[in-house]
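The values are calculated or read from the model by the stated rules, or taken from the named source; none is laboratory data. On a predicted model such as this, the values are computed, not experimentally measured, just so you know. Using ideal geometry, Cβ is built from the backbone for each residue, glycine included, and neighbour counts are taken over all protein chains shown.
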Amino acid sequence: MSNNTIGSGAAHALALLLREDPLLVRHGLVVGGGGLVGVDDGNNDVINSPAHSYASSLLHVGGHNPNKDASSSSSSSSSTSSSSSSSAKWMTSSGGEYRQRATEALAEVDRKLALVESLSVRISREAPEMVAGPLLRSHGFDLASTSVAGGGSLGGGRGEVAASSVAEDRPAATTTTLVASRDKAERIARQSQLLDVIARRVESTLLRGATRMESATSRLSRVLSLSATLKMMLRLQFEARKVLHAGVGLDSAGIVGGQSSSSSSSSSSSYRLDAFVDLRDLTRAAASVAAMEGLLAHPSLTPENDGDGSERIDVVERLRPRAKAVATIVRRSAAGLMDELQGDHPTASGTAASLTRLGATLQVYFHLGELPEASWKAVSSALAATEKASSQLFHPTALKKMKEAAQAEAKASADAESSAVRVNDDGDSSKKSVSESNNPRQRKKQYEATYDRLYQRKLREKRAAAALAWSTSVFDAASRVWNLHRVLARRNDPVSRKNFLEVISESPVPAEFSDAERRLLALQNRNSGSIALSRSNFSLFSLFWMEMSIGLGGRISRLIKYDNGSLEGDVAALFPAVRSASLSMVTELYDIMQMGLSSSAVGDSSVSGLSSTVLGGSDVLEDSVFFGGSNGGGTLGAGLDSEDYFDRADEAAGGGGGFFGASADAWTHIDSNSGGTEATQGLGTASSASSSLTTAVFTSPEWLALQGDNADGISTGLSALQTAFLKECKNRLFAPLDYLFPEAVSVDENGIAIPCLPTLPTRYDLAKLDANIREELSFADPRQGGGDFSMAPMISDVVVEMLIKFCLSARRAISECEEGRILDSRSGSIPESMAHNLSVAGVMNSLASFVRNAPENTFVYPYRPAQSTQHEEASHSCRMALLPALKEIDSLVKTSILDPLCRAMNRLVFTALVKMHRGTYLQESIDATSQPSSFVQLYLADQYDNIACTYLAQLPNEYAIAVASTVAMFSIYSFVSNAALLRPLGETSRLRLTQDLADFELALEQFVFKGGTSLSLSQIADGKPYAELRAFRQLLYWTALEDKTLSPAEVAKGLLRDTWVKDLRPSTLFHFLFSFAPARLTSPHHFKRMDAGEYVGALVKLNGSVEDGEASAWMTTMACCDSYQQRESLDGAITDGDRRIGALLMVLGPELLRRRRQ
């Protein structure tokens, strides 16, 4: 039984192994219950592994022949118990026997595996379906094995064993076998062949039907094609009849009986259709030409083979030369009209008639499909005109010719003037000077001065004339472009309703305007990132103006750099005249543009209404306001209220149209009898620019573009010229500064250099500086310098830079000495360093006076007694621009000279004021008349007299006022603060103090007056110091404390009601109340263990400021009151003073400080 079980297991394992593919086994795949499965690595086992089953069977039996037939093991499947006992017996065997038997079993397995591999190779060669089954199942074909009749490919019992083993592993399934699949495939192949035959039959049937249909419809197609060709021929004949036989215009032009005018096209006088027919016929002809060209270009009417005559259509070929001739004449006439309107002919003007013809010409080009090319060509022509005008002005030869012409004219004028003077001298013997006649040097000097004066004037005139000619040419070109842009913007095609400007915007911008397009695109992309110009804001004029500015900037830059900058000075001298002419040009152009925009706005509101005569919005082309016509007499001035307004709809002078429009042909009809006034008569002079438009012009895009910039390293517009001009101005103004404030050199007897003060500018140097400033400012005067008044702030900025540099040099020249050595209190004389600084202050004051009066002396005084608003405005703007320089001069003098001087004077006065604490106001005698002179007369009067005579008299009036005001303010605050600290203060002391107050006020008034000023004490520091001085006199005789029944709150309330209390500082009132207090209430300076003068010095600064010391004085007062309260609580027996003072101070303090802050 055991042998049968082992044999059955081995046969089972061998049967399974024979069914495996060696490649699948090599990759770890075996045949499981449902097909191919993998190895379970986690359990270190193989699911249904036949190799392990076979090895286990070999190990369970001893001495079993492995080569025994596998079929004999089928009867031992029920001997499980016997196998288990045998396995147990085997497990009890010795270790050596176990290893030997295992080795033999493994060797047997290897041999079996080799046999299985050879068998699998043989099976894959002889019976591939045995191997393909698992592969098909692994790829998704569930070909489960079924019972196979017969022996199969393996033959005999081996196939039966395999079938039975598979049946035991998984349940049987009724599925399609490989043979069945093959049979099914063969059936499908036969069916496909049958369907293929059917499809070929159907296709042949359909093909025969399609052939019959094509043969039937080809005749219809030929009929339709012939019909279309006939229609085109009829349309061609119709258009040709309209052009050739509708009127006499083309017959007069030379097209008679089908003859072409090409034979005479080479003559110098080209055909001009507008000379024979009106513009309405030209527009119709253009529309017909466009239609005929489109028809002739059609393939049906175009011969495919020029050599084959059968392909030609006789009617078409007879009309083709005539159509080409008409197209040539129409294009030539349109080009002639465009050239005439663009100023190539002297008859061109800016009247409404010319602009009407421009609209008709553009309509012709629109019909011909050449509108963008014609418009860009017109703009390019205007740009070329501006380039030509710029080359005639900004060119080395032009500059040379201007100088030569000015020299020749100046020499001739100087010779004539010298001859006239000589004749007058010879004729009047009484006035003849023998010494002068015999002095050729003097005559030569006068002649050179006359020649130089005349040369500068002539050169200025030449520059102004050249700049005016340049601006006139630019203005003419710009006006033509603007008129073109306006007509394009308001013109629509009557049929397609297509706006002409939109047609231009859809076309590419020419390469010559690429720089302008890039700059405008950069301006447009500030808030967006578009790559093309906006069609809604597209402007031909903007592109033209920007390109003109770019070209102008490049030309000026090249001229400045020409010959290593040798012409930079001559080029810079052109700027005043060029700027004046440019401003006049832009102003007039701005007027025209604003007039057109305003009329366009009105037109927009009117053309929206119903009009039975308007086609395509051409009504506005007849508006006199839109085209700049006058409102006076003639057809140009015909308005809506004119009787013949609508009757002039067909007149070429543009008298009609209005906002209600005209017929479609009204704007092209020419009336040779109607005379029109020209819209522009040149630029005029700079005075034509009204001041009301100046601000708007300066902020307009045209002026900003013409001014130019240097943002991307490329100079545009007039920026390079302006930079060169300002550079030359700066060089001329800064040149004298190199010789001012030179360092003085001095040596002693031993040849050793000793320090000395710098040399100061003389009056002649300052006068020369003033002359230079006025000369530079005069460039902004149209009469004196040929420039424009708007240049005044620009030149003033350069003057400010020069004055700032002058102040820096002056600062280095100021003597830096100690404040203690500024004044000599012993001798009363001025030290050398202080005298030098006072001289510097005088120099700066003179310079400030020159700068302050320069605008008036330049723009106003030369024209007195006449008055001009423009001159007044220029003087005011120049004065405002020079204010930073005046502030810099005043700041230098104040911080470096006056402030140290004031501090030194105040320190000297303060030294005398503190002497009042040395017993001057003690109770010595009731008889005040027996006392010597007052304190002010003893110590202060002489001090003020010395300061006024020694220092203030030498200072200029402006600086003397500042010094006197500072000293007086400090003296008043210091005197009152020192007097308030006097303690005790009896009746006699009050009388003496009152007398001293009167003497002190008189001394200060004399001090200020002797300083050379008319300033009073009530005008110093808004009158606050003087008001406190007068209020302190009232405080001396305040008697509210005599009523002992009043409480501290009632006394404080009554004191605060007095009007003079608001003029006192809180510290003054606090300190004065200490004079009524008991002795135990310590004075503030005693509490802080300071001298009275030192304490007052902390309250009043040397510059006269007192705000910083009030808070400190109140803190000190509160500390004194607190200390007094502590002492009073310890000893209540107080016999002297008023005990209410402490409480009174605590009540008054917060309220007084609150009022002070407000």
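Overview of values
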{"item": "Residue list for segment 535-569, restricted to those being outside any loop (DSSP other than H, G, I, E, B), among the basic types (Lys, Arg) and in contact with an Asp or Glu (Cβ under 9 Å, 6 or more places away or on another chain)", "result": "555"}
{"item": "Scope segment 1098-1112; condition out of contact with any Ser or Thr (no Cβ under 6 Å at 6 or more places or on another chain) and of a type outside the set (S, T, N, Q); matching residues", "result": "1098, 1101, 1102, 1106, 1107, 1108, 1109, 1111"}
{"item": "Check on residue 382, buried (at least 23 other Cβ atoms within 10 Å of the Cβ), out of contact with any strand residue (DSSP E or B) (no Cβ under 7 Å at 6 or more places or on another chain) and modelled with pLDDT under 90", "result": "no"}
{"item": "Close pairs from segment 932-947: first closer than 14 Å to residue 992 by Cβ and at pLDDT below 90, partner of a type outside the set (A, V, I, L, M, F, W, C) and part of a loop (DSSP other than H, G, I, E, B), Cβ under 7 Å, at least 6 apart", "result": "935/920"}
{"item": "So residue 860, is it buried (at least 22 other Cβ atoms within 10 Å of the Cβ) and not assigned by TED's automatic domain parsing to the domain that holds residue 1004", "result": "no"}
{"item": "Single condition residue 301 does not satisfy, out of (1) at pLDDT 80 or above; (2) crowded, with 16+ Cβ neighbours inside 10 Å", "result": "(1)"}
{"item": "Qualifying residue in segment 522-540 (condition: modelled with pLDDT of 85 or more, within 17 Å of residue 372 (Cα to Cα), surrounded by 16 or more Cβ atoms within 10 Å (Cβ to Cβ) and among the polar types (S, T, N, Q))", "result": "yes"}
{"item": "Per-region count, segment 944-992, residues closer than 30 Å to residue 848 by Cβ and assigned to a loop (DSSP other than H, G, I, E, B)", "result": "3"}
{"item": "Residue check, residue 766 under 43 Å from the mean Cα position of the chain (by Cα) and either surrounded by 12 or more Cβ atoms within 10 Å (Cβ to Cβ) or in a helix (DSSP H, G or I) (or both)", "result": "yes"}
{"item": "Those residues of segment 1020-1030 which are without any contact (Cβ under 8 Å) to a residue 40 or more places away in the chain, touching a helix residue (DSSP H, G or I) at 6+ places or on another chain (Cβ under 9 Å) and of a type outside the set (A, V, I, L, M), in sequence order", "result": "1023, 1024, 1030"}
{"item": "Residue 554 at pLDDT 90 or above and surrounded by fewer than 20 Cβ atoms within 10 Å (Cβ to Cβ)", "result": "yes"}
{"item": "Residue ID - surrounded by the fewest Cβ atoms within 10 Å (Cβ to Cβ), chosen from residues in segment 737-757 that are part of a loop (DSSP other than H, G, I, E, B) and touching a residue at least 40 places away in the same chain (Cβ under 8 Å)", "result": "757"}
{"item": "Segment 395-426, subset among the hydroxyl-bearing types (Ser, Thr, Tyr) and over 58 Å from the mean Cα position of the chain (by Cα), residue surrounded by the fewest Cβ atoms within 10 Å (Cβ to Cβ)", "result": "419"}
{"item": "For residue 1101: the one exception among (1) modelled with pLDDT under 90; (2) in a loop (DSSP other than H, G, I, E, B)", "result": "(1)"}
{"item": "Filter result (surrounded by 19 or more Cβ atoms within 10 Å (Cβ to Cβ) and modelled with pLDDT under 85) within segment 494-516", "result": "516"}
{"item": "Residue list for segment 787-830, filter: modelled with pLDDT of 80 or more, over 30 Å from residue 870 (Cα atoms), assigned to a helix (DSSP H, G or I) and of a type outside the set (D, E, K, R)", "result": "806, 807, 808, 809, 810, 813"}
{"item": "Residue in segment 1050-1076 that is nearest to residue 979 (Cα to Cα), counting only those that are out of contact with any Ser or Thr (no Cβ under 8 Å at 6 or more places or on another chain) and among the polar types (S, T, N, Q)", "result": "1075"}
{"item": "Scan of segment 704-717 for residues that are touching a helix residue (DSSP H, G or I) at 6+ places or on another chain (Cβ under 6 Å) and farther than 16 Å from residue 520 by Cβ, ordered by number", "result": "710, 715"}
{"item": "Residue among 834, 844 that alone is under 30 Å from residue 945 (Cβ atoms), under 45 Å from the mean Cα position of the chain (by Cα) and either buried (at least 23 other Cβ atoms within 10 Å of the Cβ) or of a type in the set (A, V, I, L, M) (or both)", "result": "844"}
{"item": "Contacts under 7 angstrom Cβ, first residue in segment 1031-1050 being farther than 18 Å from residue 1145 by Cα, partner acidic (Asp, Glu) and surrounded by 16 or more Cβ atoms within 10 Å (Cβ to Cβ), 6 or more apart", "result": "1031/1063"}
{"item": "Meets criteria (assigned to a loop (DSSP other than H, G, I, E, B) and surrounded by 15 or more Cβ atoms within 10 Å (Cβ to Cβ)) for residue 1080", "result": "yes"}
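Matching residues to (1) surrounded by 16 or more Cβ atoms within 10 Å (Cβ to Cβ); (2) at pLDDT 90 or above; (3) over 59 Å from the mean Cα position of the chain (by Cα):
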position	(1), (2), (3)
1008	yes, no, no
1011	yes, no, no
1014	no, no, no
1040	no, no, yes
1047	no, yes, yes
1066	yes, yes, no
